[in-house]
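The structure appears right after this line, and notes come after that.
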Amino acid sequence: MNLIIKIIIGLSIIGLYLKTDLKTTNNSKKKKKPNIIFILSDDHTTNAISAYGGLYKDIAPTPNIDKIAEEGAILKNTFATNSICGPSRASILTGNYNHINGYFKNYKGGEFDNSQWTFPQELQKEGYNTALVGKWHLASEPVGFDYYKYHVSRGQQGFYWDPVYNDNGTEKKELGYATNLTTDFALEWLNNRSDNDEPFCLLLQFKAPHREWSPDKKYEELWENVELPYPITFNDDYATRELTAGNTEMTMDYFCREDMKLIPPDSLNKNETRKWLSYGFKRNEIVKLDENVSSYENKKLRFQKYIKDYLATIKSVDDNIGKVLDYLNEKNLDKNTIVIYASDQGFFIGEHGWFDKRFMYEESIRMPFIIKYPGKIKPNTINEDIITNIDFAPTILDIAGINIPVSVQGNSFLNNLTENKNENWRQSMYYHYYEYPFYHHVQPHYGIRNKRYKLIHFYYDIDVWELYDLQEDPNELKNLFYSDDHQNIVKKLKTELYNLKKEYGNELSLADMRRISETDFGGLESNKSKK
Ligand code: CA
């Protein structure tokens with residue numbers, strides 16, 4: 001008996017020792033883990049961030065976003081795998097393509113299946129204190145967050161002014177400008193965190209600069225008497241791309257009265273007002289800002305209104321990022337906090353005469369991605385590897401020292417930044433866009449982009465291929481697919497494209513792909529669910 005008791009006590013002591021030891025290890029491990037602030041804006045093109053250069057870098061600089069790049073790395077070739085809000089967000093969270101995570105479209109796209117794996121859940125499981133503040137736009141409840149507060153109005157797009165948030169399950173209208181409010185709530189959460197020993201991961205997600213581009217009052221007249229410059233492809237005639245680029249609803253003709261900030265007559269009721277404001281959506285509904293000038297002058301006037309409002313909303317985004325950086329400095333959190341700035345995709349700001357995104361063309365698929373990781377990523381690092389939105393989740397896990405599940409299709413690019421090289425990195429990316437014909441009438445398409453070339457197949461109710469030589473034609477004005485001189489390149493790229501489709505497990509037939517475009521999956525913007 002005595003012996004048995006002794007053994008039991010002995011084992012208990014060993015057990016206790018082991019347990020304590022394990023806990024100590026965990027604690028010390030936790031302390032070493034960096035905090036992560038992942039800032040995601042909506043529709044912010046690299047062409048409107050001064051660190052990336054572009055036409056407006058001196059007119060509308062973004063000093064605070066640039067500061068992150070100066071202290072860390074700027075990624076020049078980061079691409080969305082499906083250039084539209086919800087689907088890109090689903091890929092960011094899951095590290096997987098949309099044919100795996102099931103979220104193909106915004107309009108009639110259904111709800112994001114929140115039972116699947118996402119990186120915030122993994123961080124939370126591994127002891128991170130997690131929060132989401134701002135735009136979510138995935139229809140289903142956010143999972144994996146200790147705290148969330150996200151936009152609910154207008155199909156979760158949110159309002160720029162006096163937005164309604166879902167605050168951990170309770171809907172609440174807040175007074176003020178969304179970009180400022182979202183930042184304030186995020187900083188408030190950081191301030192009130194009860195267990196300050198845990199590392200944190202904050203997803204700070206701005207609604208701006210999404211349509212309808214409403215600036216903060218103080219920035220409404222920033223460039224009032226200035227004519228901002230036009231991109232060189234502003235008057236694109238869509239030659240060699242008539243059925244694709246030439247047949248969209250993304251030109252300056254498709255701004256509605258609300259976009260142009262026209263004031264509805266007082267006499268209208270609520271429904272009439274909504275209808276009045278949305279005039280401009282359809283073909284042959286043209287909003288003229290000046291009846292006395294030509295239609296081309298009107299096109300330019302619409303662009304001026306648009307670009308000024310767009311850049312002004314970004315000014316608030318940049319101000320608020322400055323607020324976050326200052327906060328980290330004040331609280332001595334800056335050395336152990338990684339700050340990432342990205343957007344869910346790019347955006348056209350007048351290139352090809354367009355606004356919006358969707359197309360596999362450069363301005364649309366290129367995402368800003370800027371990261372600072374003090375002590376690990378050298379200041380002023382520039383990276384040009386082909387990175388995509390499915391790589392974000394594994395990279396964030398890698399930063400946190402957490403194993404990446406094999407089901408994640410993306411790869412960590414942390415070494416690409418810390419070593420500034422990664423010999424085994426992919427040389428090309430696969431893209432797939434499904435939503436059609438609403439909104440904006442962009443033919444569903446898939447394609448491949450490598451460092452030099454881009455090959456695209458538009459397949460829904462046309463059968464058109466496009467090939468671009470990005471070195472010779474960076475603005476993608478000349479479709480070379482049907483040129484005799486390029487048939488070898490076409491052949492090579494097609495093989496590579498089919499290999500990528502196979503590798504990522506998307507070998508759907510044309511009929512199946514079309515069915516995805518046609519299916520009403522319900523969700524935020526669906527005829528079935530429209531309230
Ligand atoms: Ca977006």
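The values are calculated or read from the model by the stated rules, or taken from the named source; none is laboratory data. Note that this is a predicted model, so its numbers are computed, not measured. All Cβ positions, even for glycine, are placed from backbone atoms using ideal geometry, and neighbour counts span all protein chains on display. In case anyone asks, the SASA skips ligands and DNA or RNA and just uses the protein heavy atoms, side chains included. Shrake-Rupley method; radii C 1.70, N 1.55, O 1.52, S 1.80 Å.
I need the per residue convex hull volume for the range 468-519, using only the alpha carbons, in cubic angstrom as a whole number. Could the numbers behind the result be given before it?
Working: hull volume 6.8 nm³, N = 52.
Output value, Cα hull per residue: 131 Å³.
Going toward the positive end of the dipole of the range 249-359, with +1 on Lys and Arg Cβ and -1 on Asp and Glu Cβ, which of Phe303, Leu333, Ile263 do you reach last?
Comparing the listed Cα positions along the dipole, Ile263 ranks first.
Using the charge dipole of the chain (Lys, Arg: +1 at Cβ; Asp, Glu: -1 at Cβ; taken about the Cα centre), state which of Ile489, Asn424, Ile321 has its Cα farthest towards the positive end.
Positive-most Cα among the choices belongs to Asn424.
Among the listed pairs Lys105/Lys492; Lys108/Lys275; Lys454/Lys478; Lys76/Lys372; Lys217/Lys315; Lys57/Lys308, which are separated by more than 18 Å between their Cα atoms?
The pairs that break the limit, which is 18 Å between Cα atoms, are Lys105/Lys492; Lys108/Lys275.
Cα atoms only, the range 74-116: Rg and Dmax in Å?
Looking at the range 74-116, its Cα Rg and Dmax stand at 10.7, 35 Å.
If you place +1 on the Cβ of every Lys and Arg, -1 on the Cβ of every Asp and Glu, and leave all else neutral, what size is the dipole of the range 351-409 about its Cα centre, to the nearest 20 Debye? Numbers along the way, then the final one.
Values: 6 positive and 8 negative charges, 56 e Å.
Magnitude of the dipole: close to 260 debye.
I want to verify the translational diffusion coefficient of the range 244-348 in µm²/s; compute it with Stokes-Einstein, Rh as the Kirkwood radius over Cα pairs, at 20 °C and 1.002 mPa s.
Roughly 125 µm²/s, to the nearest whole number.
Per residue, how much accessible surface does the chain expose to a 1.4 Å probe? Answer in Å², no decimals.
Working: 23060 Å² over 531 residues.
For the chain, the per-residue accessible area is 43 Å².
Of Thr118, Asn98, Ile68, which is farthest on the positive side of the dipole of the range 43-145, counting Cα position, with +1 on Lys and Arg Cβ, -1 on Asp and Glu Cβ, and the Cα centre as origin?
Checked the options; the winner is Asn98.
Extending each Cα 7 Å along its Cβ direction at Lys172 and Glu472, get the distance between those two points in nm, one decimal.
So the two model labels end up 6.0 nm from each other.
Could you work out the per residue convex hull volume over the alpha carbons of the range 77-185, in cubic angstrom? Please list the in-between numbers first.
Working: hull volume 13.0 nm³, N = 109.
In the range 77-185, the Cα convex hull volume per residue is 119 Å³.
Mind giving me the nanometre distance, one decimal, between the label points for Asp463 and Asp184, set 7 Å out from Cα along Cα→Cβ?
Taking the simple label geometry, Asp463 and Asp184 are separated by 5.8 nm.
Could you let me know the centre-to-centre spacing of the range 90-165 and the range 453-531, using Cα atoms, in angstrom?
Centre-to-centre distance over Cα atoms comes out at 27 Å.
Just how many % of Cα pairs in the range 286-434 lie over 21 Å apart, if you round to the nearest whole percent?
Numbers: 6646 of 11026 pairs.
Above the 21 Å cut-off, the range 286-434 has 60 percent of its Cα pairs.
So in the chain, what percent of DSSP beta bridges are antiparallel if you round to the nearest 5?
Values: 34 of 63 bridges.
Roughly 55 percent of the DSSP beta bridges within the chain come out antiparallel.
How large is the helix-only mean residue ellipticity at 222 nm for the chain, computed as the sum of -39500 (n - 2.57) over DSSP H runs with n ≥ 4, divided by its residue count, in deg cm²/dmol to the nearest 500? Kindly include the intermediate steps, with their values, before the conclusion.
On the way: 14 runs with 167 residues, N = 531.
After summing the helix terms and dividing by the residues of the chain, the value is -9500 deg cm²/dmol.
Which aspartates and glutamates does Lys282 reach when only Cα atoms under 16 Å apart count, and residues fewer than 8 places away in its own chain are ignored?
Within the straight-line limit of under 16 Å, Lys282 reaches these aspartates and glutamates: Glu249, Asp253, Glu258, Asp259, Asp356.
Tell me, what % of the accessible area of the chain is carbon and sulfur with a 1.4 angstrom probe? Write down the numbers at each step before the final one.
On the way: 11530 of 23060 Å².
So the carbon and sulfur contribution to the accessible surface is 50 percent.
Given the range 353-508 reduced to its alpha-carbon atoms as identical point scatterers, what log10 I(q)/I(0) does the Debye formula return at q = 0.15, 0.19 Å⁻¹?
After summing over all Cα pairs, the log10 values are -0.93, -1.30.
Rg (Å, one decimal) plus Dmax (Å, integer) for the alpha carbons of the chain?
So, for the chain, Rg and Dmax equal 24.4, 105 Å respectively.
From the Cα trace of the range 379-464, what convex hull volume per residue do you get, rounded to a whole Å³? Could you put the intermediate results ahead of the total?
On the way: hull volume 13.1 nm³, N = 86.
That works out to 152 Å³ per residue.
For the range 151-290, which semi-axes, largest first and in whole Å, follow from the square roots of 5 times the eigenvalues of its Cα gyration tensor?
Details: eigenvalues 255, 91, 54 Å².
The three semi-axes for the range 151-290 are 36, 21, 16 Å.
Work out the FRET efficiency for Asn380 and Asn329 from their Cβ-Cβ distance, taking R0 = 30 Å, and round it to the nearest 0.05.
Values: r = 19 Å, r/R0 = 0.65.
So, using R0 = 30 Å, E works out to roughly 0.95.
About the Cα centre of the chain, what is the dipole size in debye to 20, counting +1 per Lys and Arg Cβ and -1 per Asp and Glu Cβ, all else neutral?
Values: 66 positive and 75 negative charges, 305 e Å.
It works out to roughly 1460 debye.
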